Structure formats: C-alpha cells, structure tokens
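The values are calculated or read from the model by the stated rules, or taken from the named source; none is laboratory data. Everything numeric in this text was worked out from a predicted model, so none of it was measured. All Cβ positions, glycine included, derive from the backbone under ideal geometry; neighbour counts span all protein chains shown. With ligands, DNA and RNA removed, areas are computed over all heavy atoms of the protein, side chains included. Shrake-Rupley method; radii C 1.70, N 1.55, O 1.52, S 1.80 Å.
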Protein chains: 2
Amino acid sequence: MREIKKTEPLHSQVYHIVKEMIMEGKYQPGERMVETKVAENLGVSRGTVREAFRMLTKDDLLAQKENSLFVYHPDAQDILDIYECRKSLESLSAKLAARNITDQQLEQLEQIINESKKALAMPDTQKLTSLNQKFHDTIAFASRNKQLIQLFEVINAKVLYIRNCILKERSESFAVLVSDHEEIFLALKERDPAKAEEKMEAHIQRSLKVANTALSKQMDEPESSLG
Amino acid sequence: MREIKKTEPLHSQVYHIVKEMIMEGKYQPGERMVETKVAENLGVSRGTVREAFRMLTKDDLLAQKENSLFVYHPDAQDILDIYECRKSLESLSAKLAARNITDQQLEQLEQIINESKKALAMPDTQKLTSLNQKFHDTIAFASRNKQLIQLFEVINAKVLYIRNCILKERSESFAVLVSDHEEIFLALKERDPAKAEEKMEAHIQRSLKVANTALSKQMDEPESSLG
DNA sequence: TTATTGTTAACTGTTGACAGTTAACTCTCC
DNA sequence: GGAGAGTTAACTGTCAACAGTTAACAATAA
C-alpha cells in the first residue's frame with residue numbers, strides 16, 4: 001500500500017525553516033523579526049508565522065524586547081553558561097550511554113570517528129562539524145533518556161547557533177576534538193560509566209577553552225558581532 | 001509619576017492560566033485539550049489559545065498525537081529519566097551557587113529552612129512543598145547561570161506536575177528532605193563547591209527513591225492514573 | 001536652528017470566518 | 001443483528017480584517 005503523504009502543518013514547516021535560517025545566519029543575531037515580512041516571504045498568513053515565532057521564543061532563539069521579537073544575541077557570559085550546562089548534560093549522557101549503548105550504536109560511533117579522521121586529513125571543516133554533532137547525538141540517543149534528549153534540543157540549538165554565527169570554528173581545533181572522541185568511544189566500548197563520564201567532561205571543558213580563545217580573538221576585532 | 005499598567009498579552013495570560021490548571025490537575029493527565037472549549041471557557045478567541053498551546057507543547061506539558069493535543073502523561077520510565085536529569089542539573093546548580101551566592105541569599109536559605117522546620121512540626125504539607133521549591137529556586141538563582149535557570153524551567157514544570165498529579169506526597173518523606181537541605185545549606189555557607197555538589201546529588205537521589213516507592217505503591221492500586 | 005506637534009506607516013494583538021478532516025451516529029439492506 | 005454507506009457535529013488548520021500602539025517623519029512655531 002502506498003503511503004499517503006499528509007503534508008506537515010504550515011506552522012511547523014515555518015518553524016523549521018525559520019529556525020534553520022537563524023542557524024545559518026540568514027537572519028543575523030540581534031536582528032528584528034517581523035511577522036508580516038516573514039509571512040510575505042514564505043507566502044503564508046501572519047497567524048501561522050506567529051505560532052512558529054512562539055515556538056522559537058520558547059527555544060530562546062527569538063527573544064522579546066518591548067513588543068518586538070529579536071534574534072537571540074548571546075553575550076560572552078551566555079556562552080560560558082551554555083558550555084557549563086552542556087558539560088553537565090553531556091557527562092550524564094556519556095555515563096548513561098556506557099550502560100545502555102548497543103553494539104550497533106558502538107559501530108556507528110566507530111564509523112563516525114573513522115570518517116572524522118579522513119575529514120581531518122583533507123581537511124573538510126564542514127564535514128567535521130557535522131560529524132562532531134552526529135557523534136554527540138548518537139551518544140545522547142544511546143543514553144535512552146528521553147528527557148535528556150529534550151534538554152539537548154534546547155541547549156544544542158544554541159550551541160550550533162553560536163558555532164555558526166558567533167564563533168568561526170578554526171580547523172586546528174578539530175584534531176584535539178577527534179582524539180577526544182576516540183577516548184570517549186573506548187570508554188563506552190568498555191562500558192565503563194565513570195570513565196565515559198570523566199572523558200566527556202574533559203572533552204567539553206576543552207571545547208569550552210577553544211571557544212573561549214576564539215571568543216577573545218574576536219573581541220579584538222572591533223567589527224565583530226559580539227559586543 | 002504614576003506607573004501605567006500595560007496589560008499582559010492575552011496569549012501569555014492564557015498560557016499561565018492553562019499551565020497552572022494542568023499543574024493543579026484541573027486538567028487530568030492524558031486528557032484531550034480542545035482549543036474551542038478552552039477559548040470559550042476563558043472568553044478569548046481560538047487563535048489566542050492556539051499560541052498558548054504551542055508554548056505548552058514546547059514545555060512538553062501538552063503532547064501532539066495524531067491531530068489532537070493531550071495533557072502530558074508520563075510513564076514510570078519518564079519519571080526516572082526526569083529525576084536523573086534533575087540530579088545532574090541540581091548538582092551543577094549547587095556547585096555554582098557555592099561560588100557565587102551572596103550573603104543575602106544565604107540568609108534567605110536559612111530562613112527557608114527555619115520555616116520548613118516549623119511547617120514540619122505542624123505538619124503543613126502544602127507549605128513544605130512550596131518551601132522546598134523555593135529552596136531549590138533560590139540556589140538556582142544564586143548560581144547566576146541563566147541557561148541553567150532556563151533548563152530548570154523546562155524540567156521543573158514536569159517535576160511539579162508529577163508531584164501534584166501523579167505522586168501523592170507523603171508527609172513522612174519531608175523530614176529527610178529538610179535535614180538534607182540543611183546539609184546543603186552548610187556546604188554553601190562554607191562556599192565549598194565540591195561538597196555542595198555532592199550533598200545535592202545525594203539529596204536528589206534520595207527524593208528519587210521516595211518518588212520511586214510512592215510510585216510502586218501506586219502500581220498496586222489498580223484505579224491509579226498511572227498505567 | 002531647535003522643540004513641539006501633527007500625520008502617516010509599520011507592526012502587533014486579537015478576532016471571526018471558512019475549508020478540510022475526523023469521529024460518531026444513524027439508517028439502511030442483507 | 002451486523003456490515004457498510006450516508007449524514008452530522010466537532011475540531012483543527014489557515015487566513016484576512018480590524019483595532020490599538022509605536023516609530024518615523026514632516027510641518028509648524030519659538
């Protein structure tokens with residue numbers, strides 16, 4: 001029997017489209033978002049856009065100020081705060097994954113690492129970024145904790161956004177990243193929760209340091225988007 | 001000059017009202033939520049209710065199934081998952097608070113504990129519950145990590161909901177709770193991050209155990225709302 | 001020129017209407 | 001009596017319109 005394609009509701013489509021556009025920097029941090037314009041651009045009604053905007057506001061990707069909505073514009077402290085939270089959640093994720101991960105998921109991780117090494121040799125920054133995300137997603141999924149996965153959705157939207165729009169990821173940082181991943185993978189393979197947790201925490205701590213130096217480099221450049 | 005009272009937007013008011021009603025069990029877990037009815041009850045238009053529903057869905061207090069929305073109905077695993085996340089976030093909260101808490105906030109905590117002891121003597125369960133929440137909120141605020149506070153908003157809505165609607169808090173559990181709080185308070189007063197973190201983790205672990213036994217007691221009662 | 005006051009134009013908040021879909025409830029006809 | 005078609009009623013998805021607010025800009029007076 002042929003699958004019937006029920007079209008996804010418009011408001012949901014608008015949500016995903018606008019979210020992606022924010023992530024890609026198509027809408028700039030701090031930029032004002034206007035219902036009317038988005039509605040016109042996408043060819044839908046204002047009410048539909050409104051629903052999407054409410055959801056994006058809950059994601060913290062839009063923020064209300066006075067009566068208008070603006071694209072999220074994190075300051076330096078926000079970024080530190082986000083990484084601090086991430087450290088805690090990713091450690092938990094690794095710990096739980098060490099208990100619950102399947103052999104198949106371990107294989108997936110191994111493959112991701114292998115591909116990462118190849119991408120590192122090129123080097124292919126775009127691919128490294130996406131593989132990095134995939135690595136963490138796989139572990140989160142392997143934790144089998146739905147609530148944790150939901151919390152990641154909130155925090156990861158911001159992390160990705162920061163990476164894309166605020167920091168310009170420098171390729172030299174990826175080498176450390178991949179070797180960290182390898183250590184985490186080994187801990188998971190040994191199914192050692194404490195070790196996985198510890199390695200993950202160190203890993204996030206290291207990425208924070210990378211972000212931090214990138215951040216302070218940007219502080220020097222006066223035309224930077226970060227004030 | 002006289003303050004001008006700008007009325008809060010309707011959709012926001014509806015959000016808070018419906019959220020509260022869900023928390024209080026005025027809408028039952030698993031119950032279907034109908035835009036039309038809520039709109040009529042509150043005397044606002046459907047579009048307004050829609051916006052509130054979108055926000056509640058993001059909070060996970062409503063869940064979409066097919067084309068309809070239902071009140072969140074966590075299963076036993078969800079509850080364990082939530083407490084696992086909470087353990088991680090609350091520990092972080094305590095650790096950061098130990099670094100950043102002000103003397104005034106320490107006084108607040110001390111007062112909360114004193115009131116808790118009084119309420120424990122009565123015993124006044126309602127008050128104990130609200131003081132418990134206040135204790136944790138104060139620490140979260142003292143952490144000065146805005147992202148963490150936002151994550152708590154997501155998770156706490158569920159925790160409160162579970163406490164109110166799923167578990168019936170038994171008063172005997174509160175004694176342990178208050179003495180735990182006292183230990184955490186002392187660690188914060190000494191401004192010892194590691195100790196605060198450790199005490200908090202143990203505390204949440206203990207509340208999980210309380211929840212767990214309450215849960216299994218309920219499993220025996222066949223007319224329970226938990227399947 | 002600088003303030004102050006109109007005057008639009010641009011938006012947001014809210015609503016009521018309409019189309020399409022699903023669910024429930026008949027009413028047949030076997 | 002029961003399977004299947006027909007008929008409503010109940011909802012959701014989407015939109016267009018209107019009122020109220022704010023912001024920008026022009027016009028006028030000091």
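Quick look at the numbers
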| item | result |
| --- | --- |
| Filter pass, residue A:121 being within 14 Å of chain B (Cβ to nearest Cβ) and among the small types (Gly, Ala, Ser) | no |
| Test for residue B:99: is it assigned by TED's automatic domain parsing to the domain that holds residue B:156, open to solvent by 70 Å² or more (accessible area, probe 1.4 Å), touching a residue at least 60 places away in the same chain (Cβ under 8 Å) and over 22 Å from residue A:48 (Cβ atoms) | yes |
| Residues (among the aliphatic types (A, V, I, L, M) and away from DNA strand C (no atom under 13 Å from the Cβ)) located in segment A:27-43 | A:42 |
| Extreme residue, farthest from DNA strand C (Cβ to nearest atom), among residues of segment B:60-77 that are open to solvent by 20 Å² or more (accessible area, probe 1.4 Å) and either among the acidic types (Asp, Glu) or at the interface with chain A (Cβ under 10 Å from one of its Cβ atoms) (or both) | B:77 |
| Only listed residue being assigned to a helix (DSSP H, G or I), more than 11 Å from chain A (Cβ to nearest Cβ) and either away from DNA strand D (no atom under 16 Å from the Cβ) or surrounded by fewer than 18 Cβ atoms within 10 Å (Cβ to Cβ) (or both), chosen from B:84, B:20, B:8 | B:20 |
| Residue ID - nearest to residue B:57 (Cα to Cα), chosen from residues in segment A:156-187 that are buried (at least 22 other Cβ atoms within 10 Å of the Cβ) and within 14 Å of another protein chain (Cβ to nearest Cβ) | A:158 |
| Condition check for residue B:92: more than 30 Å from residue A:12 (Cβ to Cβ), open to solvent by less than 20 Å² (accessible area, probe 1.4 Å), in a helix (DSSP H, G or I) and more than 14 Å from chain A (Cβ to nearest Cβ) | no |
| Only one of B:107, B:153 that is acidic (Asp, Glu), surrounded by fewer than 15 Cβ atoms within 10 Å (Cβ to Cβ) and within 14 Å of chain A (Cβ to nearest Cβ) | B:153 |
| Scan of segment B:20-54 for residues that are within 17 Å of residue B:73 (Cα to Cα), touching a residue at least 40 places away in the same chain (Cβ under 8 Å) and of a type outside the set (Phe, Trp, Tyr), ordered by number | B:22, B:23, B:24, B:25, B:28, B:29, B:30, B:31 |
| Unmet requirement for residue B:40, which otherwise passes all of (1) part of a helix (DSSP H, G or I); (2) closer than 17 Å to residue B:157 by Cα; (3) more than 15 Å from the chain's Cα centre (by Cα) | (2) |
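Yes/no matrix, rows are residues, columns are (1) open to solvent by 20 Å² or more (accessible area, probe 1.4 Å); (2) within 15 Å of DNA strand D (Cβ to nearest atom); (3) within 14 Å of chain A (Cβ to nearest Cβ):
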site	(1), (2), (3)
B:27	yes, yes, no
B:31	yes, yes, no
B:38	no, yes, no
B:43	yes, no, no
B:46	yes, yes, yes
B:58	yes, yes, yes
